[in-house]
1. Students sometimes get this wrong: rank H234, H46, H208, H182 by accessible area, probe 1.4 Å, all chains present, largest first.
2. Please compute the net charge surrounding V223, taking Lys and Arg as +1 and Asp and Glu as -1 over other residues with Cβ under 9 Å from its Cβ.
3. Can you tell me the length gained on complete extension of the stretch T165 to M1, counting 0.36 nm per residue apart and subtracting the Cα distance?
4. Once both labels are modelled 7 Å past Cα along the beta-carbon direction, what's the T9-R213 spacing in nm?
5. Quick check on packing: order 140-153, 220-233 by the mean number of other C-beta atoms within 10 Å, highest mean leading.
6. If I model a spin label as a point 7 Å beyond the Cα along the Cα-Cβ vector, how far apart are those points for A135 and N35 in nm?
Amino acid sequence: MNTILLQPTDVLFFRDGRPMTGSLAGHGAAWPLPNVINAAFHAALHRAQLDADGSQRLHTHRRGARGAYAEDARRDRKFGSLITAGPFPVKDGSTWFFPRPHDLQDATLQPALLPADSFDSVHSSLHDPLEYAVANRLPPAKESGAKGWLAQAAYQRYLDSPGLTLRADESLNDADFADTEHTIGVAIDPGSGTTGQGEAAGKMYSAHYLRLREAWQLGVCAVAEDKEFNHHQHGTDLVKALLNGGQHQIIVGGQQRICSALRVADLPLLCRAERQTASTSRTAGFW
């Protein structure tokens, strides 16, 4: 997959499910979900018109659920091969952070949620092949001491050798690399495109925006192999052709916010390890 760094040119707007009407603010400073980034690259591929010159063709897909296509279903959906992973916080283009595994409940790399070896599976409602209930080795607490993101090096140590220490700079919360900005704006009527007519006349709104701090980027892995597209330089990878070996601007999130997308040398992002004990086995990784 291509390793891509997204550098915002301004604040970004990623809405959650809360409304923006009345006295409620538009909560748009949430960290973007993976589907938001996937949609951004999908829209960028459509705008790029990679097959516009007629020298290349793109594989198209039929609409509808797999195996339940209508007889007259047309093959008019493009870029069905697009796969993305992320976004992840990246510092200085090289230090990647990944979501903290949920079995880490304190400020160490020691898993807190473990299989209960003494559990009587005979009286359990667990479905096969599950045998052990999960128990927490820590006492109940209202707040967890673990932060939301782990540096790649710490994540690898967690996979390889559980119980090692965690340095302070290897775990972060969103507030450590991003700020929330509050803005007041004037509502625009979608029909007229003005502020003085329609239902939007005289209305104001407030919104929250996400601003990444200096030296931070959004890290994404993306690939779109198209079997009918064969570029002399970029092969069958539509994402590589989109970026064309350099920097490209794409719209990310709401309100037409722009990020510069830079394809960088592939970093050793693969964290993969297998850990087996008498009661459980684990395979984890990023692709």
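The values are calculated or read from the model by the stated rules, or taken from the named source; none is laboratory data. Everything quoted here is computed from the prediction, not taken from an experiment. Don't worry about glycine lacking a Cβ; one is built from the backbone with ideal geometry, like all the others, and counts go over all protein chains shown. Please note that ligands, DNA and RNA were not included when accessible areas were found on the heavy atoms of the full protein model with its side chains. Shrake-Rupley method; radii C 1.70, N 1.55, O 1.52, S 1.80 Å.
1. Result, largest first: H182, H46, H208, H234.
2. Neighbour charge sum, excluding V223 itself: -1.
3. Details: separation 164, 0.36 × 164 = 59.04 nm, distance 3.14 nm.
This chain segment gains 55.9 nm when fully extended.
4. Result: 2.6 nm between the two label points.
5. Details: 140-153: 14.7, 220-233: 16.9.
Most protected by this proxy first, the peptides run 220-233, 140-153.
6. The modelled label-to-label distance comes out at 3.9 nm.
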